[in-house]
Amino acid sequence: MSPTRGSPSIVGLPAPATYGLALALSFATGGALLFFDGFGPVNKTTIALVFLLPVGLSATLWGLAPGIIAAGTSFLVFNYFFIEPTHSFTIHNSEDLIILAAFLCITVLTSELVGRIRSNLAAATDHEQEALHLYEFSNLLATSQTERAAAQALLDKIDLALKPIRIEVLIESSPQPVLLAKGLSVPDDGEVASRPIVEPLQTARGLMGEIRIWRDRDEKSISDTDEHILKIFANQGVFAIERLRLSETARKTKILEESDRFKSLLLSSVSHELRTPLAAIKASVSSLRSGAVEWNSEARTELLTTIEEEIDHLNVLVGNLLDMSRIEAGELKPQKKPNMLREIVSTVSGRMRTQLQSYRLFVDVPDELPLVNVDYVQMQQVFTNLLTNSLKYAPTASTIKINAAPAKDSRFLEVRLANQSMPVPAADLDRIFDKFYRINPSERVTGSGLGLSICKGIIEAHGGKIWAENLPDGLAFHFTLPLS
C-alpha cells in the first residue's frame, strides 16, 4: 500500500519516527499521572484506563507496530512507577500481578483491534480511490476518438493515481507510433531510479506497446496496490485502443463497401446513358461522312442537330458526375452573393425553352422578393435538374408551376416547383433524393439518377433544406434559401 494513501490522520512518517512517537506518548502519559499522583494517590484502575489512551492513539495514528510498542511501554511505566514497590519491576502482591497481566492483555488486544480497524479503513479508502480512478478513466476512454487521445487519458490517470517522477506511454501503431511522456527528465546522477517499472500493453494478437514509470530513489519498488492499479489501467487502455482499431477497421470496411456499391451503381446507371448518345453521334457522323447526305439537304441539318443534342446530353451527364463527386468529397463551396431569384428562374427557363415547349410553364416569382444569398451558377443547376425531372415524369402538355414566397422563418425564402406527375409513395418521398434511386425504372426515363441528389447537396451547402410533397394532381418540390 502506498504510504500516502489510506491513512486517516498523520501520514508519510518513516517507521522509526512513529516508534519514537509511540514511546514518547506513553512516557508523557506516565508523567502526567505522576504529576496528579503528587496531589494524592490515584486509583490503579484509573491509571490502567488512562494508559489505554496512548495505546489507542498510537495504533490509530501509526498502525499496529507502534500500538504494540505503546502497550509494552505503558506496561513497564505502570509497573515501575505505580506498582509497589515503586521504582522497581519487582511485584510482591498477587493482586498487582493480576492487574498488570490484565492490563497488558487489554492493551495488546486494543492495539490489535485498532490496528485492524485502521488497516481495513485504509484498504477501503484505497478501494474507493481505485474505483473512482477507474470510473473517471473509463469515461475518458469512452470519449476518446483516436489512439493518441486514449494514450493521453492513460498517461494522465496513471500520473494522477500513482504520482511517479516520470511516466511514458508508447503505442505501436501505423503510420507511426504514439509516444507520450510526462514528468521530469531522468537524470544519470542516481537521484532517480535509472531503470523504470515497465508494464506491457499486451493483447491476444501481440504486444501493442508499454507503460514506463520512474519513481523516487526511496520508492524503487512498487506496492501491491499501485501495481494492481497500474495493471488495471493498462488492461483498460488496451481494451480502448483495441476498440478504436476495430472501429477504424469497420469504418474502412464500410467505406470500401460503399465505394464498391457506388461504382457498381455508377457503372450500371451510366453505361447505358453513355452508350446511347455515343451511338447516335457515331451514326450521325458516319452518315455525314458517307457522302449519301447532300450538303444542303434537310437530313444534314437533322443529323447535325442530333449530334449537338447528344453532346449536350453527354455534357450534362459528365457535369452531374463531377458535381456529385465534389458533394461526396465535401468540396462543394458555394460562392454566395445576393441575387434576384426571378432572374435565375428566367435564365433557366429561357435556356430550356426547347424542352419546355410541349409543357405549360407558369412562374410566380415576384420581383419584389428580397435578394437571396446564393451561388448563381449552382442555383441554375438546381432549377435545371428539377425541371428536367419534371419533364421526365410529367405527361406531355401538363402544367409545371414555379412560385416563391417568404418562408415561415423570416430568414429564408421558400421555393415550390410543382408538376403533374404520378404521386410518389410516402415511404419514398425522402429516398428520391438518394443517389441513383428511382421508384419505377423504365426505358422511357433516361438519366443517371443523380439530379435530385445534386439538388439536395447544393441546397444543404447553402444552409437550406429540400423536400418533396404529394399533391392531389401531382408532385411538388420545396426548398428554402437564406435571404441576404
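The values are calculated or read from the model by the stated rules, or taken from the named source; none is laboratory data. On a predicted model such as this, the values are computed, not experimentally measured, just so you know. Here the Cβ is made from the backbone with ideal geometry for all residues, glycine too, and neighbour counts use every protein chain on show.
Tabulated results
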{"read-out": "Tally of residues being modelled with pLDDT of 90 or more and either under 25 Å from T480 (Cβ atoms) or of a type in the set (A, V, I, L, M, F, W, C) (or both) across the stretch 357-367", "value": "6"}
{"read-out": "Residue under evaluation T29, criteria (1) modelled with pLDDT under 75; (2) part of a helix (DSSP H, G or I), criterion not met", "value": "(1)"}
{"read-out": "Candidate set: the stretch 98-118, residues that are of a type outside the set (K, R) and loosely packed, with under 15 Cβ neighbours inside 10 Å; chosen: the one farthest from F233 (Cα to Cα)", "value": "I98"}
{"read-out": "Considering residues of the stretch 345-374 that are within 46 Å of the chain's Cα centre (by Cα) and assigned to a helix (DSSP H, G or I) only, the residue surrounded by the fewest Cβ atoms within 10 Å (Cβ to Cβ)", "value": "V348"}
{"read-out": "Hits in the stretch 32-44 (condition: modelled with pLDDT of 75 or more and either under 14 Å from I83 (Cα atoms) or surrounded by 18 or more Cβ atoms within 10 Å (Cβ to Cβ) (or both))", "value": "L33, L34"}
{"read-out": "Any hit, the stretch 37-58, residues being within 13 Å of V108 (Cα to Cα) and of a type in the set (S, T, N, Q)", "value": "yes"}
{"read-out": "Search result, residues across the stretch 202-213 that are in a strand (DSSP E or B) and either surrounded by 21 or more Cβ atoms within 10 Å (Cβ to Cβ) or among the charged types (D, E, K, R) (or both)", "value": "G209, E210, I211, R212, I213"}
{"read-out": "Some residue of the stretch 241-263 being in contact with a helix residue (DSSP H, G or I) (Cβ under 7 Å, 6 or more places away or on another chain), at pLDDT 80 or above and assigned to a helix (DSSP H, G or I)", "value": "yes"}
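Conditions (1) in a helix (DSSP H, G or I); (2) at pLDDT below 75; (3) of a type in the set (A, V, I, L, M, F, W, C), marked per residue:
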residue: L100; (1), (2), (3): yes, yes, yes
residue: A124; (1), (2), (3): yes, no, yes
residue: E130; (1), (2), (3): yes, yes, no
residue: L179; (1), (2), (3): no, no, yes
residue: V186; (1), (2), (3): no, yes, yes
